[in-house]
Amino acid sequence: MPTNQELVQRAQAVLFQNYRTQPIALVRGEGTWVWDADGKRYLDFIGGIATVSVGHANPRVREALVEQSKLLWHASNLYVTEPQVILAEKLTKASTSLKRAFFCNSGTEANEAMIKLARHWHVVKGAPERIEILCFHNSFHGRTMGSLAATGQPKYQQGFGPLPQGFRFLDFGNFEQLEQAVTPQTCAVMLEPLQGEAGVMPAPRGYLARVRELCTRHGAIMLLDEVQTGMGRTGKLFAHQHDGFEPDAMSLAKGIAGGVPLGALMAREELAKVFTPGTHASTFGGNPLATAAASAVIDLLQAGLLERVQRAGERFGQKLAALAQKTPRVQGERGLGLLRALLLSEDLATKVVARARDLGLLVNAIGERVVRVAPPLTVSDDEIDRAAGLLGEAVAQA
């Protein structure tokens, strides 16, 4: 088998160099652990950026993939396939009012579809002038042109203009500013329940429910990006369920199929109806393999794993917060469920990530003062304690 160094060198010779790839090549995973090409074992506390929701090589998901692979890999959406129908039934049953599902391949595709759906709704309803979508600074919705235009981080947009027009940015959590920004041209409000790429920033308590009421009052569409927060990551199947309201449409991806590429858009019945044949499509979207995997994931989540995530998230938050008592380099922590951030008081995040990797722990830096952690939802208490201890060592040694 090639070594880490050999695989890294081969990758550098043939792949686009648009990622800050760490100098290891992963070859195997099991549960919360992964192994590199040199045989070193790591606790994976970034989980494919919150995608490996039920652990690496989860037996239930693997069985679903193997069994479906014996039957049908792909048919396109020219035909009905049972795994897609089953998954849609499970997702819509889990929501109070989002009763239609559209499947694609990623979060950015789901957000692109969601933007198109909101715009097309107003066209169909005879108000084509309602094109402006209110978005938020520090948000992240993807890298296609539409989702990038809705992303409130200029660093991702530089060099790709002109971007699609009709997106205005506000301060996340400032309800009064949002209320004043709504006009007769407002199409929708698009936001995340928790801004993951901004450094794991939860919405203020009660804010999302107020946004819901504001959208209802003005006939605007509430678009919720749950790509990172959905599918159990925060301890509820969907993060907005913590606040007891329903959006008009919601995007899902990342952990939905346990690491197999899949995205989804869910919407209210009346909103979904405006996507008629020809208005939107995805060749690979909802293919039988991905939807079979996702169906196994949702079964696991609803069989007691959500409650486990709530307890594990509280434990992990306490362990991370305790690091602030041990060193002035740590300011504290924030997050929800098993999507959390360790906050640093110095510009050390990239050094902490590198040192943690050396110690056998994989985490992720957001900027220079935030370390993001998003382990598989199946993580054990012992693994949480071990990861917190290794993080503390990494901070001390960085």
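The values are calculated or read from the model by the stated rules, or taken from the named source; none is laboratory data. Source: prediction; values computed, not measured. Virtual Cβ from ideal backbone geometry, glycine too; neighbours counted across all protein chains shown. Ligands, DNA and RNA are stripped out before the accessible areas are found, and what is left, the full protein with its side chains, is counted by its heavy atoms. Shrake-Rupley method; radii C 1.70, N 1.55, O 1.52, S 1.80 Å.
Here are a few things to note about the model shown:
- Near the amide H of Lys99, within less than 5 Å, lie the amide hydrogens of Ala267, Arg268, Glu269, all on another chain or at least 5 residues away, with H placed in the peptide plane.
- Given charges at beta-carbon only (K, R positive; D, E negative), |dipole| of the chain in Debye: 80 debye
- The stretch between Glu82 and Ala57 holds 6.6 nm of extra length on full extension. This uses 0.36 nm per residue minus the Cα-Cα distance.
- Theoretical gain in end-to-end length, Lys40 to Leu15 [0.36 nm per residue, Cα-Cα removed]: 6.6 nm
- At q = 0.22, 0.24, 0.25 Å⁻¹, base-10 log of I(q)/I(0) for region 93-167 (Debye sum, equal scatterers on each alpha carbon): -1.06, -1.15, -1.19
- Estimated 222 nm signal from helices in the chain, with DSSP H stretches of n ≥ 4 weighted -39500 (n - 2.57), rounded to 500: -11000 deg cm²/dmol
- Computed E for Met145/Ile366 - FRET, C-beta separation, R0 25 angstrom, nearest 0.05: 0.60
- Considering only the Cα atoms of region 227-278, their convex hull presents on average a projected area of 4.3 nm².
- Where only alpha carbons of the chain are counted, the Rg and the Dmax (Å): 21.0, 62
- Under-5 Å amide H pairs with Glu333, H placed in peptide plane, nonlocal only: Leu343
- Ordering Gln68, Leu78, Ser95 by the projection of their Cα atoms onto the charge dipole of region 47-118, which places +1 on the Cβ of Lys and Arg and -1 on the Cβ of Asp and Glu, puts Ser95 at the extreme positive end.
- Debye, to nearest 20: dipole size of region 290-361, +1 on Lys, Arg Cβ, -1 on Asp, Glu Cβ: 260 debye
- FRET efficiency for the Val27 to Glu179 pair, using the beta carbon distance and R₀ = 35 Å, is estimated at 0.10.
- Take every Cα pair under 8 Å whose residues are at least 6 apart in sequence, average their separation, divide by the length of region 282-339, and the relative contact order is 31 percent.
- Separation between Cα centres of region 163-194 and region 347-383, rounded to whole Å: 32 Å
- Prolate/oblate/rounded label for region 268-398 (Cα gyration tensor, a/c 1.5): prolate
- Whole-number percent relative contact order across region 325-398, with pairs defined as alpha carbons under 8 Å at least 6 apart: 33 percent
- Heavy-atom accessible surface of the chain: percent carbon and sulfur, 1.4 Å: 53 percent
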